[in-house]
Number of protein chains: 2
Amino acid sequence: MFTPFDYQMMSRAIELAKGGVFTTQPNPNVGCVITQGEQIVGEGFHARAGEPHAEVHALRMANEQAQGATAYVTLEPCSHHGRTPPCAEGLINAKVAKVICAMQDPNPQVAGRGIQMLRDAGIEVEVGLLEADAIALNPGFIKRMTSGMPFVQLKMAASLDGQTALNNGQSQWITSAAARRDVQKFRAKAGGILSTSKTVIEDDASLTVRWDELPPSVQVNYPQHQLRQPVRVILDRQNQLHDGLKLYQHSGEVLVLGTEHTSLLNSNQTQFELADTLAYLAEQSQMNHLWVEAGATLARSLIQAQLVDEIILYLAPKIMGSDGRGLFGALGLSSMADTLELIIKDVRQVGPDIRIIAVPKIKDK
Amino acid sequence: MFTPFDYQMMSRAIELAKGGVFTTQPNPNVGCVITQGEQIVGEGFHARAGEPHAEVHALRMANEQAQGATAYVTLEPCSHHGRTPPCAEGLINAKVAKVICAMQDPNPQVAGRGIQMLRDAGIEVEVGLLEADAIALNPGFIKRMTSGMPFVQLKMAASLDGQTALNNGQSQWITSAAARRDVQKFRAKAGGILSTSKTVIEDDASLTVRWDELPPSVQVNYPQHQLRQPVRVILDRQNQLHDGLKLYQHSGEVLVLGTEHTSLLNSNQTQFELADTLAYLAEQSQMNHLWVEAGATLARSLIQAQLVDEIILYLAPKIMGSDGRGLFGALGLSSMADTLELIIKDVRQVGPDIRIIAVPKIKDK
């Protein structure tokens, strides 16, 4: 069905899509390549919400050469009028002959409509080329569209023996500068950073993306003047945040969820209902991708509520002793059958540290 | 000084040497290649203590073609009469023209004597080709020869959050079958396995190498009938071991260090002086390479005494909570400057688990 040339062109479109990885939130990353015969005549990617979609950039570059061409798009072209006109319409108007999409629109409410529009206009459409790679481009957007929840990455850091601080609370520089740079990259990709007033106040954390701390490989593709700050979402049930914090000394939005968000709190108003809170962020803030940096309590609660998609765990090459503060606090387990199970997705050295990406196994509720 | 052909031949000799990795204890792994021009005329490796050395095998294969040949040996040929005659003499009698050694004998008392014997007989000798690789063949033998202490690998296993058991002691199958096979490989390479009566009794552990649990890649090169059992060294200060234990239901030597070893105990006879104990094993049992499987107490003591060369840590993809039993127990640290620092040497996935090899940083005593 697909030729080697098709694979090559869709691979190129996927690489192009990655150009928007730090900036398209809440929109998805999309890339597009337009070919005449075996010649690329247009290409583009979606760079930023409110700016043209990938197809528009590629069509502009192709100009009249789009007529009779094949368009490779990593996501089904949109069929609705948003801040920009529908891309399906653009492709029809440009008279392309064929469109190959890596995947359908993940929103089940609209999936297939763009494809239908194209087919109705007599354009040949094929779907599913390098679909897994296209899915991997947009874990957050796809999760929000399909489930109404953001994709949640939980960042944790500990010594090799699982301690986040000594018994007296000392924890400075557990992990290395290389690991902190790596964290900056994850923050930069997220739509929001979730933390608690307790963590923010204890560490006087700004929770911003600092361009000069991004890895050089990121800086090259992400100019400082384009820096987008993820929304910092702080759970502050007892109104403890105050103006003197570093949190407020940097540009970028801060969303405080506090006493006025009664609908997000449990019935006796003692804690946030985390599933409701994440659903609220997905709906109200179009939050695709949430990066969580907090303490053991929030980490444990999110995992136990099965709201975490990935744990990003940095282990420093240190032994601190088990009388310190443990990663997830006490769980009170009495049987090995009740341990929380994970699947290791990736493990590597980051500077002197180890980084583990682990995916919680889904349990029957 | 060395030609590409020389490098190729010494690489071959090093690969040959690995053929003895499970069986030469307490002798070193040594490989030898003999060439005439660009032709290999003999090769061999040392397979087992008491059997011929690598050079003898290679000389036998080369026969009269050894005359005028070049011999590549991964270790300086021995100059003393042991259970076999000195290899330097063998090379002289065979009239080889040139000997290239990867490294000198690590024992400073005899280093250089074999080389001198060869030179005195008019043979050209060069030393140092692929020396680092030759050193890596024999960490245990070299450490014992240079310091009088065995090379110590400390095996540990925990959940991702550093717990070795739940609070009630449950710990069955923290790590996977793949990790347990990996452990079998490490055990098989060791000269001895060190544990305590507490661990042996609690787990009713046999601490043997089980051939059918070795990874298939090892089984291929290590036939079942050649299986060598490392000496099981059990610290048993209070004479708690008894005949009913699995420890005694398998072939292989068990060395119990108990109350009669007063010279290895501290002045009030309450614990083993670990440095003295390891030195004793190196001297009395020619122990090159000790694999330690025990609990948090011995692990912590060995690390604090700076007696551990490598920590082999298996982390299972599980969260157990910090109210379980921690890897190294309480250390009572009050400053991050006092944490025990390590260097990560290797990290990889072993089945569903993670294996980390970490080297303790040397601290000023």
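The values are calculated or read from the model by the stated rules, or taken from the named source; none is laboratory data. Fair warning: this is a prediction, and the values are worked out from it, not measured in the lab. Positions of Cβ are generated from backbone atoms using ideal geometry, with glycine treated the same way; all protein chains shown enter the neighbour counts.
Observations, loosely collected:
- Test for A:Met156: is it crowded, with 19+ Cβ neighbours inside 10 Å, farther than 30 Å from B:Glu341 by Cβ, in the same structural domain as A:Ser322 (by the TED database) and aliphatic (A, V, I, L, M): no
- Residues within the range A:177-199 that are polar (S, T, N, Q), over 23 Å from A:Pro139 (Cα atoms) and either in contact with a helix residue (DSSP H, G or I) (Cβ under 7 Å, 6 or more places away or on another chain) or surrounded by fewer than 17 Cβ atoms within 10 Å (Cβ to Cβ) (or both), tallied: 1
- Taken as a whole, the condition of being facing chain B (nearest Cβ under 9 Å) and buried (at least 24 other Cβ atoms within 10 Å of the Cβ) applies to A:Gly324.
- Listed by first and then second residue, the pairs with beta-carbon distance under 6 Å, at least 6 apart or on different chains, first residue in the range A:41-54 and buried (at least 19 other Cβ atoms within 10 Å of the Cβ), second assigned to a loop (DSSP other than H, G, I, E, B) and among the hydrophobic types (A, V, I, L, M, F, W, C), are A:His46/A:Val30; A:Ala54/A:Val30.
- If you filter the range B:334-357 down to residues that are assigned to a loop (DSSP other than H, G, I, E, B) and modelled with pLDDT of 95 or more, you find that the one that is nearest to the other protein chains (Cβ to nearest Cβ) is B:Pro352.
- Restricting B:Gly162, B:Gly112, B:Gly90 to residues that are in the same structural domain as B:Ala179 (by the TED database), of a type outside the set (Lys, Arg) and touching a residue at least 24 places away in the same chain (Cβ under 8 Å) narrows the list to B:Gly162.
- Filter result (among the hydrophobic types (A, V, I, L, M, F, W, C) and either assigned to a loop (DSSP other than H, G, I, E, B) or assigned by the TED database to the domain that holds B:Val21 (or both)) within the range B:167-186: B:Trp173, B:Ile174
- Out of B:Ile311, B:Ile303, sole residue that is within 14 Å of another protein chain (Cβ to nearest Cβ), closer than 23 Å to B:Met145 by Cα and part of a helix (DSSP H, G or I): B:Ile303
- Of all residues in the range B:327-365, those satisfying the criterion of being loosely packed, with under 15 Cβ neighbours inside 10 Å and among the hydrophobic types (A, V, I, L, M, F, W, C) are B:Ala330, B:Ala337, B:Ile343, B:Ile362.
- Within this structure, A:Glu15 fails the test of being surrounded by fewer than 18 Cβ atoms within 10 Å (Cβ to Cβ) and over 19 Å from A:Ile135 (Cβ atoms).
- Within the range A:202-234, considering residues that are in contact with a strand residue (DSSP E or B) (Cβ under 7 Å, 6 or more places away or on another chain) and not in a loop (DSSP other than H, G, I, E, B), the one surrounded by the fewest Cβ atoms within 10 Å (Cβ to Cβ): A:Val231
- Filtered residues of the range B:206-250 (kept if among the small types (Gly, Ala, Ser) and under 16 Å from B:Phe186 (Cα atoms)): B:Ser206, B:Ser217
- Residue-level analysis places A:Ala158 outside the set of residues that are part of a helix (DSSP H, G or I), within 14 Å of chain B (Cβ to nearest Cβ) and among the aliphatic types (A, V, I, L, M).
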